[in-house]
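Data first, discussion second: the structure below is written as structure tokens.
Just so you know, all these numbers are worked out from the coordinates, no wet-lab data involved. Owing to the predicted nature of the structure, the values given are computational and were not obtained by experimental measurement. Backbone-built Cβ (ideal geometry, glycine too); neighbour counts: all protein chains shown.
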Amino acid sequence: MALIQKAFSDIITFSRSSNATRVGPTGLVEYAPHNLLLQSQTFDNASWLKSNSSITANAIAAPDGTVTADKLVEAATTSVHSATQAVTFAANFIYTASVYAKAGERSFLIIQPTGDSRFAYYNLSNGTVGTVSGSPLSTQIQSVGNNWYRCTITVTSPGATAANCILYSAATDGNATYTGDGTSGIYLWGAQLSVGPYPLDYTPTTSAAVYGPRFDYDPVTLAARGLLIEEQRTNLQPYSDDFSNGVWVKDGGISVTSNAAVSPDGTQNADFIRGTTSGTNVWVYDDGVSTGVAANTSFTNSVYAKANGVNFLYIRFEDKANASNYVYFNLSTGTVSATVGSLSTTATITPVGNGWYRCTVTGNSASGSGGNNMLLIGLSDASGSTYLTASATNGIYIWGAQFEQGSFSTSYIPTIASTVTRSADVASVNTLSPWWNNVEGTLFADYTASESSYVVIPYTDANNYMILNAGTTGSAFDVVNAGSVQASIGTRSLSAKIAARFKSNDFAVCLNGGAVATDTAGTVPSITDRLALGYFPGVSVRINGHLRRVAFYPRALTSAELQAITA
């Protein structure tokens, strides 16, 4: 069989039924590319309600070079001429609406993202923003070539309600109502509505909203970390970046100043906390946050923090029966500096750029009632102490609190008035022909994982599959044919370059250029369904980490070759 070179990214199938954040290529925490508008390139679809207008489909070449751009044609009436789509907005979240537009006989586009008084005119003849109403957070028009512009507007949603995202054509700036001639209009393509303050990479949709894969980056070095695959998690902490809200109890003479600094998401929404009375415990906490955590269960508290005159932050791992358990973080040196108390906990502090750190503490919830736990964040003059000297200027910036059930932290899940659940990532290659070889082959992956899990799984059904495994104990490569284990070899790692070959009576695996483990007896299962990435079909466990590279060689590489490609 000849070597077939094919990029998996071209044939990968990805799904996630909710929004999710990543660290983007600029190092900021942001939502992965997604689009909440339906039929983003087919304005003639019934998802778009036309008012005093019609759509000519596939009228001209779009910005991507395909003849898929539509024309919004005005009716011969004196009125507004628009295309509208109903959308349900979450309360008090920031949304950005955008569309690619090109002048036809008319030169002005209007975007009214939430159907209220906030809108903007865009001059498609000279590429400028015209009249702006209602003080949106931002507006922008950007040339993308061939007289096409991407026009964007960002607003805060007025409430958790259904509203209309409206696109109008206009004859002049500031005048939406005019007499149409029945043939004139503007060209549209690629409408998008996304959560967050910036226009994201365009994500096309058809009959449903699309939440795209998360290609993640290191927030400090900006190096690509790969495809992020995580299990479902819920942030049980409401108002995760608004510590002035009443759900957060302020104790011990603490002052909270809202929106005092630029947070890790690049906007000025981090809060400043400081002490106002010396000698007291100075902290904020939410006593009601943990009602969703079962007793005797691992859960993780986390918060982003940055020193501003005070260097020590602590998280009290609270179960009331054992309330005096503290983990201290030195925000000057970026270290976990002390742990005080009898409970068994683990902690991490991770730099995320611009002096910010993500501080996490993991332990077990209290026996009895799961409601006996809380997320408590305090300030201190020194490691191991709860004493703080009051100051009008010195304190700590905080942002992005998360309280989640699980033995490690996952990507940040923003909340406002209620808990928010991020659903699991599902990635696989479902097209096996013509590249897969059922007789022999070699699998390769470069990955990091947070716990014992599955890296790459050629899969037919629960009785016929192969697995590259991640973890701290157990085999690195398993082969199952007709329900019988044919090979179970190698030692797992949480982070590795791994390669495994398969062939009748010839199985081998190598990690990081080390010793090659082999098995010389066994048969190869016929793989007919998919190549699952970071999960096992039908099982909720995910790799909870990154796949930096996955490759398949349609022959059984030699042991020397396995060592060479994993070194």
Discussion item. From the alpha carbon gyration tensor of the range 234-422, can you work out the equivalent ellipsoid semi-axes (sqrt of 5 times each eigenvalue) and give them in Å, largest to smallest?
Written reply: 23, 19, 16
Response to the item:
Footprinting proxy, Arg542, Arg233, Arg530: sorted fewest to most Cβ within 10 Å, the residues are Arg530, Arg233, Arg542
Response to the item:
By Cβ neighbour count within 10 Å, fewest first, Lys497, Lys306, Lys71 rank Lys497, Lys306, Lys71
Worksheet item: If you stretched the chain out fully between Asp529 and Thr277, how much longer would it get, using 0.36 nm times the residue separation minus the C-alpha to C-alpha distance?
Response: 84.3 nm
Worksheet item: Taking the Cα centre of the range 192-342 as origin and charging only Cβ (+1 Lys, Arg; -1 Asp, Glu), how large is the dipole, in debye to the nearest 20?
Response: 260 debye
Worksheet item: Rounded to the nearest 500, what is the chain's calculated 222 nm mean residue ellipticity when only DSSP H runs of at least 4 contribute -39500 (n - 2.57) each, over all residues?
Response: -500 deg cm²/dmol
Worksheet item: Which FRET efficiency, nearest 0.05, do Ser51 and Tyr387 yield, Cβ-Cβ r, R0 60 Å?
Response: 0.40
Item to complete: Report the full-extension gain for the segment Ala294 to Thr206: residue separation times 0.36 nm, less the Cα-Cα distance, to one decimal in nm.
Response: 27.7 nm
Worksheet item: Where does each of 101-109, 394-402 land if you order them by average Cβ count within 10 Å, highest first?
Response: 394-402, 101-109
Worksheet entry | Charge dipole (debye, nearest 20) of the chain; +1 at Cβ of Lys and Arg, -1 at Cβ of Asp and Glu | 420 debye
Worksheet item: When you count, for each residue, the other Cβ atoms within 10 Å and take the mean per peptide, how do 383-389, 403-409 rank with the highest first?
Response: 403-409, 383-389
Worksheet entry | Label point 7 Å beyond Cα of Ser452 along Cβ direction - residues of the range 463-477 with amide nitrogen under 12 Å | 470-476
Discussion item. What's the magnitude of the charge dipole for the range 33-211 around its Cα centre, counting Lys and Arg as +1 and Asp and Glu as -1 at the beta-carbon? Answer in Debye, nearest 20.
Written reply: 140 debye
Worksheet, complete the sentence: Distance in Å, no decimals, from the C-alpha centre of the range 471-490 to the one of the range 190-208 is 42 Å
Practice prompt. Choose one of Pro434, Thr448, Ala515: the residue whose Cα lies farthest towards the positive end of the charge dipole of the range 426-566 (beta-carbon charges +1 Lys, Arg; -1 Asp, Glu; about the Cα centre).
Written response: Thr448
Fill in: Selection from Thr205, Cys165, Ser263, by position along the positive dipole direction of the chain (Cβ)
Ser263
Worksheet item: Which one of Gly226, Tyr100, Pro33 has its Cα pushed farthest toward the positive end of the charge dipole of the chain, where Lys and Arg give +1 and Asp and Glu give -1 at the Cβ?
Response: Gly226
Item to complete: Express in nm, to one decimal, how much length is gained between Thr518 and Leu222 on full extension, taking 0.36 nm for each residue of separation and deducting their alpha carbon distance.
Response: 102.8 nm
Fill in: Percent of Cα-Cα distances greater than 19 Å, calculated over the range 185-274
65 percent
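In what sequence do Ser450, Ser18, Ser98 fall when counting other Cβ within 10 Å, fewest first? The partial results should precede the final answer.
Working: Ser450 20, Ser18 14, Ser98 25.
Going from least to most buried by this count: Ser18, Ser450, Ser98.
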Worksheet entry | Per residue, the convex hull volume that the Cα atoms of the range 33-211 enclose (Å³) | 97 Å³
Worksheet item: Can you give the FRET efficiency for Ala417 and Thr558, using 1/(1 + (r/R0)^6), R0 = 35 Å, r = Cβ-Cβ distance, to the nearest 0.05?
Response: 0.05
Item to complete: Calculate the tail of P(r) for the chain: the fraction of all Cα-Cα distances greater than 38 Å, expressed in %.
Response: 43 percent
